[in-house]
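These notes are about the structure you will find just below.
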Amino acid sequence: MESDLLSIGELARASGLSASALRFYDRAGVLRPAHVDAATGYRWYLAGQVRPARVVAALRRVAMPVAEIGRVLAGPAEVATALIDGHLRRLETGLADARHELSQVRGLIEPEELPMGTTATVRAADLAGALNAVRFAVGSDPELPMLAGVLVELASDAVRLVATDRFRLAVAAAPCVAAAGSGGTSAIAPTPFVDRVRALLDAAGTVGTTAASRSAAGTNEVNAEVTVDGGRITVRAGEREVTGTALPHDYPDYRRLLPRAATRSVPVNAHRLREDLAAAGDGAVAVLSVGTDDSVGVETGEPVAGAARIGVNPRFLAQALAAAGDRRIMLELREPAQPMVLRPAGGPADMYSLLMPVRLDTA
């Protein structure tokens, strides 16, 4: 029988685990050999155990606890996926905390002159619109504190805002009227601060303003100044300002989630689609039906022949549509299981919301 099995050395070479590691995972009950020679104590493994051993090696490299590795191997796919996602969240949080602590240490051992803050000037109405377009996508998971706010990026051409909770992503930008300071500055504005800024910008349209707050072009538009200075964020509109402390975390690289080229783009009336969602009633999943004639509706009966069917979280979609207002939007479709994107029709390319689809039971 042993001639049909792999020795511990052969499995070690095939999996990337050392022989001593394989002995450890045997004792831990994670990866037991198929046969142990009673006389010699040699361990022998099935060829089918190479893949589980490679899984163990990969999870070991990212420091997953041994008990959880065992559950990944023993459990069904959904349990394994949940464990991997949970460990990834811990790693992301730990990395953000480590970067923050090491940044403080670097400042203690290598004192540097504090950089001057970066200020960008935009139209208050544009900034208010951009905030309203992303606010709904802010995360609330306590295990992902870096997502509990809006990423504010100050560039030479725009103030770009990003929010995500890992299930949807919203991006919007307010074009710069004027910019100052060093470019490429960013900070995470916490949710309470974002809401205070929205209230400030709403009030800025009705209160008296100074000449300095108006556009250099001589219009009567109220401008807003956004300043990021270290860990402080300040927004000034007219004679009022709001100042807050940025979240001490690193925002994940949202650019990895940016949509690929659409395979199909369909015009949609946001107001009408919201009404269709409300009429469909409560449910964990709503099915969008996109006909061959570019008609878009919420499926309430039998599927329409030839129509594309997309499962969505109805609450998430309703929030994205509400952020779009009553204007016409473009629904961009991609390959199955790829994100669905909503963009204002005729709007700027850097304003959109991305929504992950929900898998439909096709059985």
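The values are calculated or read from the model by the stated rules, or taken from the named source; none is laboratory data. Because the structure is predicted, anything quoted here is derived from the model rather than measured. Here the Cβ is made from the backbone with ideal geometry for all residues, glycine too, and neighbour counts use every protein chain on show. Only protein heavy atoms, including side chains, enter the accessible area calculation; ligands, DNA and RNA are left aside. Shrake-Rupley method; radii C 1.70, N 1.55, O 1.52, S 1.80 Å.
Could you give the angle, 0 to 90 degrees to the nearest 10, between helix 191-204's Cα long axis and the longest principal axis of the Cα atoms of the chain? In the chain, helix 191-204 runs at an angle near 20 degrees to the longest axis.
Over all alpha-carbon pairs in region 7-115, figure out the percentage whose distance exceeds 16 Å.
Numbers: 3832 of 5886 pairs.
That fraction is 65 percent.
May I ask you to derive the FRET efficiency for Arg54 and Arg232 from their Cβ-Cβ distance with R0 = 45 Å, giving the value to the nearest 0.05?
Numbers: r = 48 Å, r/R0 = 1.06.
Efficiency at R0 = 45 Å is approximately 0.40.
Most mobile of Ala125, Ala307, Ala155 per a Gaussian network model of the chain (Cα springs, under 10 Å)? The residue that fluctuates most here is Ala307. Extent along the principal axes, Cα only, for region 68-181: 59, 42, 19 Å, with the longest axis given first.
Placing a pseudo-label 7 Å from each Cα along the Cα-to-Cβ vector at Asp195 and Val358 gives an inter-label distance of 2.6 nm. Residues in the chain average 54 Å² of solvent-accessible surface per residue, probe 1.4 Å, ligands and nucleic acids excluded.
Gain in length, Ser186 to Leu91, computed as 0.36 nm per residue apart minus the alpha-carbon separation, to one decimal in nm?
32.0 nm
Solvent-accessible area assigned to carbon and sulfur over the chain amounts to 53 percent, based on a 1.4 Å probe. Legend: calculated FRET efficiency, Thr40 to Ser20, from the Cβ-Cβ distance at R0 = 25 Å, rounded to 0.05, equals 0.90. In the elastic network of the chain, a GNM with C-alpha springs shorter than 10 Å, the most mobile of Glu225, Glu78, Glu299 is Glu78. Here the dipole of the chain is about 420 debye; that uses its Cα centre as origin and unit charges on the Cβ of Lys and Arg (positive) and Asp and Glu (negative). Across the chain, Cα-Cα distances exceeding 37 Å account for 40% of all pairs. For the chain, the longest principal axis of the alpha carbon atoms and the long axis of helix 50-61 meet at an angle near 50°.
Here region 139-181 has an Rg and Dmax of 12.6, 38 Å, counting Cα atoms alone. Stretching Ala28 away from Tyr254 to a fully extended chain increases their span by 77.5 nm, per 0.36 nm per residue minus the current alpha-carbon distance. For region 231-328, the Cβ-based charge dipole about the Cα centre amounts to some 440 debye (Lys, Arg positive; Asp, Glu negative; other atoms uncharged). Its residue count N sets the reference 2.2 N^0.38 Å, and the alpha-carbon radius of gyration of region 22-85 equals 1.18 times that reference.
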